[in-house]
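So the structure is just underneath, and the comments pick up after that.
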Amino acid sequence: MRWRYLKQSVFFGLVSASALIITLVLGGIIFYIITNGYSVISLDFITKPPTDSMTKGGIMPAIIGTIYLTVGAIAIGLPFGIASAIYLTEYARQGKIVRIIKIGINCLAGVPSVVFGLFGLGFFVIFLKFGSSILAGSLTLGFLILPTIIGASEEALKSVPQTFREASLSLGVSKWQTIYRIVLPNALPGILTGSILGIGRAAGETAPIMFTAAAFFTAKLPSSIFDEVMALPYHIYVLATAGTNIEATRPIQFGTVLVLVGVVLGIDLIAIIIRGYMRRKKRW
Amino acid sequence: MTRRIKEIIIKYIFFLFALVSVIVLGLIVSSLFREGLPVFKSVSLKDFIFGMEWYPTYDPPSFGIFPLIFGSFIVTVFATVIAVPLGVLAAIYISEIAPQAIKESLKSVIELLAGLPSVVLGFFGMVIVAPWLQETFDLPTGLNIINASVILAIMAIPTISSISEDALYAVPNEFKEASYALGATKYETITKIILPAALSGISTAVMLGMARAIGETMVVLMVAGGAAAIPESIFDSVRPMPASIAAEMGETPYGSPHYHALFAIGMVLFFLTLMFNLIADYASHKFRQTGSATL
């Protein structure tokens, strides 16, 4: 009898230890990044371009580049993602075409980001002749986050009770008006949460922009969507691996990592907070 | 009448948007094929997959990617070995044992871990794990299989943990109640009732975690060391497929056999992850626990 409870205690110990280890890993990484990076962060670091062959100065062009690419990815991913989800949950009759579309989306979600990078290079950069540019990078990132946004939006739309739709339709309201006035407003917080998580992912991805948009150094800020840009994740990668002054740029690397982690986890936290708020406010 | 026409137009607009994701998938496959297949003019499929020598810049070049495939598999397997116990046990803790408040914060922790950009984890592996490994085990370099596996495990844990947790959560409550009613302890209920019932979901989680690990680029690019040879120990460095693509694409002239070879590696990677995802999908449908009556 005691043996049974002893086994249980050992098991519970193991299980709690696993949860603790995961928390410590996250905490450790964040703590390490903050303690090493915070002394580098200053107004100049955020607002000045790099100088002295990247060993001094700031990372402003990389911040601007990441903003451009992320906004571009949102402009592609959000409308296509939400519209696809609306079609799949509100309009589509479960048949062959819908099945094919759903399989397509599932497969798309599993494609590694470096393969998206190859696709962007082969299709946007070379075939459509966009060159390595904000446009090519944004399109690549936008399609990368498309499945995430579709998945989250589908969940949110499905969670709106069927009775809401029936009540609206029984009043003689058309299908589109029902979707626009009843379903979408109720699903919005869920759609937002998932989309914001996708946006966080787009901001932090490196592999898809390596061959489609990112440049090691640009003398000027981009003036059109056909220009190359610097970007935070690529900046970290290049400084940490390919530079001739890896040790000399170490502080800048830590500073850039801290800025990137701050941006990405900040975006994720917004999503988590919206979801928590929404759960408490839920009316049904 | 105009209202009906408007409704139909709106429906078809949404349909076209939905079609785009399928078109994109088609474009991905066709781009990979168009740029990747020409490599087989310079090397046979058998020599490409099973060739032991990856010397793409030599004259004449040699495009054998077996060491790269092997590198990808070895880091994925080790990462899985580390991530599965941690991820599944943490999922059990979250779903069955943790008090409500801890449960919510742990879920956020896992979500934030999933949100860490891969380049940041790669950087962490380079500046922390690598020097530590090098000193502790007195190695020529800390950029090796074990380092890459540990970092990949950190990336795979959130996937494994959150999907496993959903599977555990979906086990009907009657199962637990019946088990407790028979006098089973919580431990016995978890290991003998809940885990078997959630097994299909957990295997899906493991497959998706592996798919994530095998396709991950920045981590293996930064910490796996980059040697395109079959390793002899876990402290040797390897060059997994994504690392090869990312490292070499920048310096490869457009249209050269090397360029096409990198796209062909992308094809291999695409089909491997597709396979993992299809198996995961199959597992989740085949062995799904649909209700208390089906067991």
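The rows are residues; the columns are (1) under 25 Å from the mean Cα position of the chain (by Cα); (2) assigned to a helix (DSSP H, G or I).
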{"residue": "A:GLY13", "(1), (2)": "no, yes"}
{"residue": "A:ALA17", "(1), (2)": "no, yes"}
{"residue": "A:VAL25", "(1), (2)": "yes, yes"}
{"residue": "A:GLY28", "(1), (2)": "yes, yes"}
{"residue": "A:ILE33", "(1), (2)": "yes, yes"}
{"residue": "A:ILE41", "(1), (2)": "yes, no"}
{"residue": "A:ILE74", "(1), (2)": "yes, yes"}
{"residue": "A:ALA85", "(1), (2)": "yes, yes"}
- prompt: Within the group B:THR76, B:THR80, B:THR57, which residue is under 30 Å from A:LYS129 (Cα atoms) and in contact (Cβ under 8 Å) with a residue 12 or more places away in the chain?
  reply: B:THR57
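Any idea which residue in segment B:25-51 is nearest to B:ALA229 (Cα to Cα), counting only those that are in contact with a Ser or Thr (Cβ under 9 Å, 6 or more places away or on another chain) and in a loop (DSSP other than H, G, I, E, B)? If you could, list the steps in order and put the result at the bottom.
Filtering segment B:25-51 down to residues in contact with a Ser or Thr (Cβ under 9 Å, 6 or more places away or on another chain) leaves B:43, B:47, B:51.
If we keep only those that are in a loop (DSSP other than H, G, I, E, B) as well, we get B:43, B:51.
Values: B:VAL43: 19, B:GLY51: 11 Å.
Checking each candidate, the answer is B:GLY51.
Can A:THR140 be described as within 12 Å of chain B (Cβ to nearest Cβ), in a loop (DSSP other than H, G, I, E, B) and over 22 Å from A:LEU269 (Cα atoms)?
Numbers: within 12 Å of chain B (Cβ to nearest Cβ): yes; in a loop (DSSP other than H, G, I, E, B): no; over 22 Å from A:LEU269 (Cα atoms): yes.
Answer is no for this residue.
Look at segment A:176-225 and say how many of its residues are in a helix (DSSP H, G or I), of a type in the set (Val, Ile, Thr) and more than 10 Å from chain B (Cβ to nearest Cβ).
Narrowing segment A:176-225 to residues in a helix (DSSP H, G or I): A:176-204, A:207-210.
Add one more test, that the residue is of a type in the set (Val, Ile, Thr), and what stays is A:178-179, A:182-183, A:191, A:193, A:196, A:199, A:209.
When the remaining residues are screened for being more than 10 Å from chain B (Cβ to nearest Cβ), the result is A:178, A:182-183, A:191, A:193, A:196, A:199, A:209.
Total meeting the criteria: 8.
Looking at the structure I just gave you, is B:ILE230 aliphatic (A, V, I, L, M) and closer than 30 Å to B:ASP138 by Cα? Before the answer, list the steps.
On the way: aliphatic (A, V, I, L, M): yes; closer than 30 Å to B:ASP138 by Cα: yes.
Yes.
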- request: Mind listing whichever residues of segment A:63-81 are surrounded by 19 or more Cβ atoms within 10 Å (Cβ to Cβ), over 20 Å from A:SER223 (Cβ atoms) and either out of contact with any helix residue (DSSP H, G or I) (no Cβ under 8 Å at 6 or more places or on another chain) or not aliphatic (A, V, I, L, M) (or both)?
  value: A:GLY77, A:PHE80, A:GLY81
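So is A:SER132 among the polar types (S, T, N, Q), over 24 Å from B:PHE14 (Cα atoms), buried (at least 18 other Cβ atoms within 10 Å of the Cβ) and more than 10 Å from chain B (Cβ to nearest Cβ) or not? Break it down stepwise before answering.
Working: among the polar types (S, T, N, Q): yes; over 24 Å from B:PHE14 (Cα atoms): yes; buried (at least 18 other Cβ atoms within 10 Å of the Cβ): yes; more than 10 Å from chain B (Cβ to nearest Cβ): yes.
Criteria met by A:SER132.
Listed here are the residues, each with its yes/no results for (1) among the aliphatic types (A, V, I, L, M); (2) within 11 Å of chain A (Cβ to nearest Cβ); (3) within 29 Å of B:HIS258 (Cα to Cα); (4) not in a loop (DSSP other than H, G, I, E, B).
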{"position": "B:GLY71", "(1), (2), (3), (4)": "no, no, yes, yes"}
{"position": "B:ALA79", "(1), (2), (3), (4)": "yes, no, no, yes"}
{"position": "B:ALA91", "(1), (2), (3), (4)": "yes, yes, no, yes"}
{"position": "B:SER105", "(1), (2), (3), (4)": "no, yes, no, yes"}
{"position": "B:SER108", "(1), (2), (3), (4)": "no, yes, no, yes"}
{"position": "B:LEU113", "(1), (2), (3), (4)": "yes, yes, no, yes"}
{"position": "B:PHE123", "(1), (2), (3), (4)": "no, yes, yes, yes"}
{"position": "B:SER149", "(1), (2), (3), (4)": "no, no, yes, yes"}
{"position": "B:ILE154", "(1), (2), (3), (4)": "yes, yes, no, yes"}
message: For segment B:60-73, give me each residue that is in contact (Cβ under 8 Å) with a residue 40 or more places away in the chain, surrounded by fewer than 17 Cβ atoms within 10 Å (Cβ to Cβ) and more than 14 Å from the chain's Cα centre (by Cα).
response: B:PRO61
message: Just checking, does segment B:50-57 include any residue being surrounded by 12 or more Cβ atoms within 10 Å (Cβ to Cβ), more than 8 Å from every other protein chain (Cβ to nearest Cβ), more than 24 Å from B:GLU216 (Cα to Cα) and touching a strand residue (DSSP E or B) at 6+ places or on another chain (Cβ under 8 Å)?
response: no
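A quick yes/no check of all residues on (1) modelled with pLDDT of 90 or more; (2) surrounded by fewer than 17 Cβ atoms within 10 Å (Cβ to Cβ); (3) in contact with a helix residue (DSSP H, G or I) (Cβ under 6 Å, 6 or more places away or on another chain):
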residue	(1), (2), (3)
A:LEU20	yes, yes, no
A:PRO61	yes, no, no
A:ALA83	yes, no, yes
A:GLY95	no, yes, no
Pick from segment A:108-129, criterion touching a Gly at 6+ places or on another chain (Cβ under 9 Å) and in a loop (DSSP other than H, G, I, E, B), ranking: surrounded by the most Cβ atoms within 10 Å (Cβ to Cβ): A:VAL111
- prompt: Looking only at residues in segment A:178-212 that are within 24 Å of B:ILE5 (Cα to Cα) and surrounded by 16 or more Cβ atoms within 10 Å (Cβ to Cβ), which one is nearest to the chain's Cα centre (by Cα)?
  reply: A:LEU184
query: Does segment B:30-45 contain any residue that is hydrophobic (A, V, I, L, M, F, W, C), more than 7 Å from chain A (Cβ to nearest Cβ), under 30 Å from B:ILE151 (Cα atoms) and surrounded by 16 or more Cβ atoms within 10 Å (Cβ to Cβ)?
result: no
query: So which residues in segment A:75-122 are under 22 Å from B:MET267 (Cα atoms), of a type in the set (Gly, Ala, Ser) and in contact (Cβ under 8 Å) with a residue 12 or more places away in the chain?
result: A:ALA109, A:SER113, A:GLY117, A:GLY120
message: Give all pairs with beta carbons closer than 7 Å in which a residue from segment A:23-46 that is touching a residue at least 12 places away in the same chain (Cβ under 8 Å) meets a residue that is small (Gly, Ala, Ser) and surrounded by 12 or more Cβ atoms within 10 Å (Cβ to Cβ); count only pairs at least 6 apart in sequence or on separate chains.
response: A:GLY37/A:GLY255; A:VAL40/A:GLY255; A:ILE41/A:GLY255; A:ASP44/A:GLY58; A:PHE45/A:GLY58; A:PHE45/A:GLY255; A:ILE46/A:GLY58
query: Checking A:LEU221 against (1) within 29 Å of A:PRO112 (Cα to Cα); (2) surrounded by fewer than 17 Cβ atoms within 10 Å (Cβ to Cβ); (3) in contact (Cβ under 8 Å) with a residue 40 or more places away in the chain; (4) not acidic (Asp, Glu), which single condition isn't satisfied?
result: (1)
statement: Log entry, pairs with first residue in segment B:270-283 being of a type in the set (Phe, Trp, Tyr), second being outside any helix (DSSP H, G or I), beta carbons closer than 7 Å, six or more apart or on different chains, reads B:PHE270/A:VAL111
- prompt: Which numbered condition trips up B:ALA153, out of (1) on the phi > 0 side of the Ramachandran plot; (2) surrounded by 20 or more Cβ atoms within 10 Å (Cβ to Cβ)?
  reply: (1)
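The values are calculated or read from the model by the stated rules, or taken from the named source; none is laboratory data. Quantities reported herein were computed from a predicted structural model and do not represent experimental measurements. Here the Cβ is made from the backbone with ideal geometry for all residues, glycine too, and neighbour counts use every protein chain on show.
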